[in-house]
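A short worksheet on the structure shown next.
The values are calculated or read from the model by the stated rules, or taken from the named source; none is laboratory data. Owing to the predicted nature of the structure, the values given are computational and were not obtained by experimental measurement. Positions of Cβ are generated from backbone atoms using ideal geometry, with glycine treated the same way; all protein chains shown enter the neighbour counts.
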Amino acid sequence: MRILVFGNPLVPRDSIALQALPFLQERFPDIEFVEFDAVESLEKEGPEPIILDCVQGIPHCEIITDLARLERASRQVSMHDFDLRETLFLLHKMGLIKKTQIIAIPVQYGLEPAVQEVTELIQELLEQEKN
């Protein structure tokens, strides 16, 4: 499994996924976590990317698969979220991406609950992958 990790280390409200990254790498040594910033090459990641990012408007960590919901949820996070959201919509429309799973962390969430909840979500994804 490969998880693309988005965020901006210079913007505190947009860096929680990057802050959680070392803890997740320790918990899941067999997963390839990739810090990903340039959405221009997102289509090269295959037809079913898994993304870890922060999202505004959600109460707890969750997996978002409905891009229309992502559009409503991440409206005010940062410019990269606008670019990511728009890029995902476009790649889906073009058929270059078939399915996207976004492991979403609420903006300004605490690091400890983020790591714990994301750990549970990744374990769910691993279970689904087995079946």
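Details
- Remark: residue 34 falls outside the filter, which requires a residue to be closer than 13 Å to residue 106 by Cα and at pLDDT 85 or above.
- Criterion (modelled with pLDDT of 80 or more, surrounded by fewer than 21 Cβ atoms within 10 Å (Cβ to Cβ), more than 27 Å from residue 23 (Cα to Cα) and not acidic (Asp, Glu)) met by exactly one of 93, 44, 99: 93
- When residues of segment 48-72 are limited to those that are within 13 Å of the chain's Cα centre (by Cα) and either at pLDDT below 50 or over 27 Å from residue 95 (Cβ atoms) (or both), the one surrounded by the most Cβ atoms within 10 Å (Cβ to Cβ): 54
- Tally, over segment 102-131, of residues that are small (Gly, Ala, Ser) and either in contact with a helix residue (DSSP H, G or I) (Cβ under 8 Å, 6 or more places away or on another chain) or at pLDDT 95 or above (or both): 2
- Pairs linking a residue in segment 9-37 that is closer than 24 Å to residue 129 by Cβ and free of Cβ contacts under 8 Å to residues at least 40 places away in the same chain to a residue that is among the polar types (S, T, N, Q) and in a helix (DSSP H, G or I), with Cβ atoms under 6 Å and 6 or more positions apart or on different chains, are 33/25.
- Within segment 85-114, being under 12 Å from residue 66 (Cβ atoms) and β-branched (Val, Ile, Thr) holds for 100, 102.
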